[in-house]
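The block underneath contains the structure these notes are about, expressed in structure tokens.
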């Protein structure tokens, strides 16, 4: 079975361990800081995981959210686990800004503005540093 999340990095690698990886989604320039937390093995639903694995994955999602907040101070964070197109367990962690093109709609909804919210040029490096600190420091 072909799976784009098994077959490719699906973004710029920011952090990983033996269980999952966090990537910076580089193909959505209108949404700086958009990350995915991707389970390293192929599973379709959260309930396919044992309870400790569910907790471990959600802790990674929360640490990713905090790294984005610490780096960008967004107006809001959206979390989504859809999998309708790619049925491989992954979470979207999306910083939202009042001036982004879809705000307050979901990024997959109707576009409301033409402007693109800009992130700092070293955004991926800043996010990776915050994630390393979160996982090494136990935060």
**Report entry** Rounded tilt (10° steps) of 51-72 against the dominant C-alpha axis of the chain
**Finding:** 20 degrees
Report task. Taking 7 Å along the Cα-to-C-beta vector as the label spot, tell me the residue 85-residue 16 distance in nanometres, rounded to one decimal. Result -> 2.2 nm
Query raised in the report: Among 73, 84, 105, which one shows the biggest mean-square fluctuation in a GNM of the chain, springs joining Cα atoms closer than 10 Å?
Result: 84
Query raised in the report: On a 0 to 90 degree scale, rounded to 10, what angle separates helix 123-137 from the longest Cα axis of the chain?
Result: 40 degrees
Query raised in the report: In what order do 13, 5 fall by count of nearby beta-carbon atoms within 10 Å, going from fewest to most?
Result: 13, 5
**Report entry** Residue with peak Gaussian network fluctuation, the chain [Cα springs, cutoff 10 Å], from 50, 118, 30
**Finding:** 50
**Report entry** Ranked 10, 55, criterion: other C-beta atoms within 10 Å, fewest first
**Finding:** 55, 10
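If I take R0 = 35 Å and measure r between the Cβ atoms of residue 122 and residue 56 in this structure, what FRET efficiency does the formula 1/(1 + (r/R0)^6) give, to the nearest 0.05?
Calculated transfer efficiency: 0.75.
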**Report entry** 222 nm mean residue ellipticity, helices alone, for the chain (DSSP H n ≥ 4; -39,500 (n - 2.57); rounded to 500)
**Finding:** -9500 deg cm²/dmol
Report summary line: One quarter of the C-alpha convex hull surface, i.e. the mean projected area of the stretch 4-137 in nm², amounts to 8.0 nm²
Requested in this report: Considering only 120, 52, 74, give the residue with the highest GNM mean-square fluctuation for the chain, with springs between Cα atoms whenever their separation is below 10 Å.
Outcome: 52
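How high is the relative contact order of the stretch 1-138, in percent, counting Cα pairs under 8 Å that sit 6 or more residues apart?
Normalised by residue count, the contact order of the stretch 1-138 is 26 percent.
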Report summary line: Exposure-ranked with fewest Cβ neighbours within 10 Å first, 47, 64, 28, 71 stand as 47, 28, 71, 64
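Rule-based calculations on the coordinates, nothing more; no lab input. Predicted, not measured: the structure shown is a model, and the values here were computed from it. Virtual Cβ from ideal backbone geometry, glycine too; neighbours counted across all protein chains shown.
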